[in-house]
Amino acid sequence: MVRDAEKLLIIGGSDAGISAALKAKELKPQLRVQVLLADEYPNLSICGLPYAVSGEVPNWHSLAHRDLQELTSTGVEFQMNMIAKKIDPQQHEVIAHSFAGELQIYHYDHLVVATGAKPKLSGITGIDLARTQQQNSKVRVLHTMADYFALETNLTTNSVQNVAIVGSGYIGIEMAEALQKRHLNVTIFQRGAEILSTVDADLGQIVHQKLVANDVQVATNLTVSEINETETKVKVVGVNADQKINTYDFDLALVVVGVQPNTDLLVAAGSETGIAGAVKVDQYMQTTLPDIWAAGDLVETKHHLLGKAYLPLGTTAHKQGRTAGFNVAGVPRTFKGSIGTQVLKVFDLVVARTGLLAKEAIQAGFAPFTVTTDVDDHKAYFPGAHKIKIRITGDQHTGRLLGVQVIGYYGSEVAKRCDIFAVAIFNNMTVAEISDLDLSYSPPVGSPWDAVQIATQNWEQQSLKY
């Protein structure tokens, strides 16, 4: 009797799921790898959707990290338009159904769950996720390819001119720029005092000003409590800091107020959860259920400075999926952790952060000291120099680098300079040790002491006064 091939089943075909599939198949070619995909768009860069909306990426097919032919050439199998409904850990089975309702049972030896996150709509009455997915809805989210297609239908076939964006995080700001490039009137609503709460408020204010300078309206200190559709309009109801109720009319509303882990399958199967309701995994990305791993936006994340966190990021999902693939294939590999490195382009501005803000460092038990430095991105005598603002937070007692925020002109290598700090935090370096790094120099691109080193030396100088 010929034994069936050992089988890895993966639920989810985005960053984490594909990374797990490819690594496991590479390391163990005889392993049968099968991916259940809820649509027919594997390995699409959802982070790239705003640039498809703007037209900067003319063809959405270009958003594929790898096309289907490239994926299947590795030997990985795909079951498209198949929605997983139940995991049976005892029987090592997953029950799924097609769009037509046809049931299918998949057996597995190993299971990786990479169902990601789902949009958060709590606190806003008048809408739900199912409604945003209906063809005639004037309220949209932007989380899947289906959401993108629905939004494009609104933008190209309806009389849309005035658009509300509820939420001023990365996607909200990117979409504001994208829609402005389509010559629409855009208003962003933010419940807090300033947009982009992942950086300090004064840096968020710089982004705010950049949006306004490009004809995007920004409404802060206004909590959207209700969104109602009529036959012709969308009514957005907000409450300001004085508890005054305001109502605004738009042609379309895009709700991007955050995400929550999509854990329903694993929770129903008995998996333990932790921070923000995310699935608990060990350093090998294994859940509390036998032979089941999980990776991506549905799991708790090891944070280099905080211990555990919920931090849904595409870069983290790729790493976690790859780690799961290693371990499924029998090659022990641990996930080393995240430090929350993020970057955002806003018109001709780039803002990046890594590690902790000062307020986060205090909550984590550190003694933060923060210094901000404005420095040229390259030698000022060479034409085209721009100032970069670099904010460094280090520990007063140990000098350890804890976090950095950088904001500057698009083209000033803001992201890569932030990445230098990310490497330093990951390797537990002090602020002072960054001056010892051997960084490249040429007058058109830098200085003998790079901008990051000038900023760290300023931090050292200032810290000695306290």
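Of the numbered criteria (1) over 22 Å from the mean Cα position of the chain (by Cα); (2) without any contact (Cβ under 8 Å) to a residue 60 or more places away in the chain, the one PRO42 fails is (1).
Filtered by the rule that a residue be aromatic (Phe, Trp, Tyr) and either surrounded by 20 or more Cβ atoms within 10 Å (Cβ to Cβ) or under 13 Å from ALA455 (Cβ atoms) (or both), the range 385-424 gives a lone residue, PHE421.
For the range 314-334, filtering for residues that are crowded, with 19+ Cβ neighbours inside 10 Å and either part of a strand (DSSP E or B) or not hydroxyl-bearing (Ser, Thr, Tyr) (or both) leaves 12.
Going by the structure shown, is THR115 out of contact with any helix residue (DSSP H, G or I) (no Cβ under 6 Å at 6 or more places or on another chain) and not in a loop (DSSP other than H, G, I, E, B)? When the stated conditions are applied, THR115 does not pass them.
Residues in the range 266-313 that are over 23 Å from THR198 (Cα atoms), without any contact (Cβ under 8 Å) to a residue 40 or more places away in the chain and open to solvent by 50 Å² or more (accessible area, probe 1.4 Å): VAL267, GLU272, THR273, LYS280, ASP282, THR288.
Scan the range 226-239 residue by residue and report those that are out of contact with any Lys or Arg (no Cβ under 6 Å at 6 or more places or on another chain) and either of a type in the set (Phe, Trp, Tyr) or assigned to a strand (DSSP E or B) (or both). Steps first, answer last, please.
Here is the first cut: in the range 226-239, the ones out of contact with any Lys or Arg (no Cβ under 6 Å at 6 or more places or on another chain) are 226-227, 230-233, 235-239.
Selection gives GLU226, ILE227, LYS235, VAL236, VAL237, GLY238, VAL239.
Among the residues making up the range 240-251, those that are in a strand (DSSP E or B), surrounded by 12 or more Cβ atoms within 10 Å (Cβ to Cβ) and either touching a Lys or Arg at 6+ places or on another chain (Cβ under 9 Å) or acidic (Asp, Glu) (or both) are TYR248, ASP249, PHE250. Of the numbered conditions (1) open to solvent by 20 Å² or more (accessible area, probe 1.4 Å); (2) in contact (Cβ under 8 Å) with a residue 40 or more places away in the chain; (3) on the phi > 0 side of the Ramachandran plot, GLY101 satisfies every one except a single condition; which is it? With (1) open to solvent by 20 Å² or more (accessible area, probe 1.4 Å); (2) in contact (Cβ under 8 Å) with a residue 40 or more places away in the chain; (3) on the phi > 0 side of the Ramachandran plot applied to GLY101, the lone miss is (2).
Can you tell me which residue among SER122, SER137 is surrounded by 13 or more Cβ atoms within 10 Å (Cβ to Cβ), at pLDDT below 95, among the polar types (S, T, N, Q) and not in a helix (DSSP H, G or I)?
Of the residues listed, the single one that is surrounded by 13 or more Cβ atoms within 10 Å (Cβ to Cβ), at pLDDT below 95, among the polar types (S, T, N, Q) and not in a helix (DSSP H, G or I) is SER137.
For the range 79-92: of the residues being out of contact with any His (no Cβ under 7 Å at 6 or more places or on another chain) and open to solvent by less than 70 Å² (accessible area, probe 1.4 Å), which is nearest to LEU22 (Cα to Cα)? Before the answer, list the steps.
Of the residues in the range 79-92, the ones out of contact with any His (no Cβ under 7 Å at 6 or more places or on another chain) are 79-82, 84, 86-91.
The next check asks that each one be open to solvent by less than 70 Å² (accessible area, probe 1.4 Å); those that pass are 79-82, 84, 87-89.
Working: GLN79: 16, MET80: 17, ASN81: 20, MET82: 20, ALA84: 21, ILE87: 23, ASP88: 25, PRO89: 24 Å.
Per the criteria, the residue is GLN79.
THR263 meets the stated requirement of being buried (at least 21 other Cβ atoms within 10 Å of the Cβ), in contact with a Leu (Cβ under 6 Å, 6 or more places away or on another chain) and in contact (Cβ under 8 Å) with a residue 24 or more places away in the chain.
The rows are residues; the columns are (1) open to solvent by less than 50 Å² (accessible area, probe 1.4 Å); (2) among the hydrophobic types (A, V, I, L, M, F, W, C); (3) on the phi > 0 side of the Ramachandran plot.
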| position | (1), (2), (3) |
| --- | --- |
| LEU9 | yes, yes, no |
| ILE18 | yes, yes, no |
| LYS23 | yes, no, no |
| PRO29 | no, no, no |
| VAL33 | yes, yes, no |
| ALA52 | yes, yes, no |
| GLN69 | no, no, no |
| GLU77 | no, no, no |
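Inspection of the range 179-193 identifies at least one residue that is out of contact with any helix residue (DSSP H, G or I) (no Cβ under 6 Å at 6 or more places or on another chain) and on the phi > 0 side of the Ramachandran plot.
Does ILE95 qualify as being open to solvent by less than 60 Å² (accessible area, probe 1.4 Å), of a type in the set (A, V, I, L, M, F, W, C) and free of Cβ contacts under 8 Å to residues at least 24 places away in the same chain?
On the way: open to solvent by less than 60 Å² (accessible area, probe 1.4 Å): yes; of a type in the set (A, V, I, L, M, F, W, C): yes; free of Cβ contacts under 8 Å to residues at least 24 places away in the same chain: yes.
Here the answer is yes, as ILE95 does meet what is asked.
Counting only residues that are open to solvent by 40 Å² or more (accessible area, probe 1.4 Å), in contact with a helix residue (DSSP H, G or I) (Cβ under 8 Å, 6 or more places away or on another chain) and over 21 Å from LEU305 (Cα atoms), the range 365-379 holds 1 of them.
Taking the criterion of being open to solvent by less than 50 Å² (accessible area, probe 1.4 Å), over 30 Å from SER54 (Cβ atoms) and modelled with pLDDT of 95 or more, would at least one residue in the range 335-342 satisfy it? So far as the range 335-342 goes, yes, one or more of its residues are open to solvent by less than 50 Å² (accessible area, probe 1.4 Å), over 30 Å from SER54 (Cβ atoms) and modelled with pLDDT of 95 or more.
Listed by position, the strands (runs of 3 or more DSSP E) enclosed by the range 159-225 include none that has at least 2 residues that are surrounded by fewer than 17 Cβ atoms within 10 Å (Cβ to Cβ) and without any contact (Cβ under 8 Å) to a residue 24 or more places away in the chain.
The values are calculated or read from the model by the stated rules, or taken from the named source; none is laboratory data. This is a predicted model, so every value here is computed, not measured. Ideal geometry is used to build each Cβ from the backbone, glycine not excepted, and the neighbour counts take in all protein chains shown. Each accessible area value is taken on the protein alone, full model and side chains, heavy atoms only, with ligands, DNA and RNA left out. Shrake-Rupley method; radii C 1.70, N 1.55, O 1.52, S 1.80 Å.
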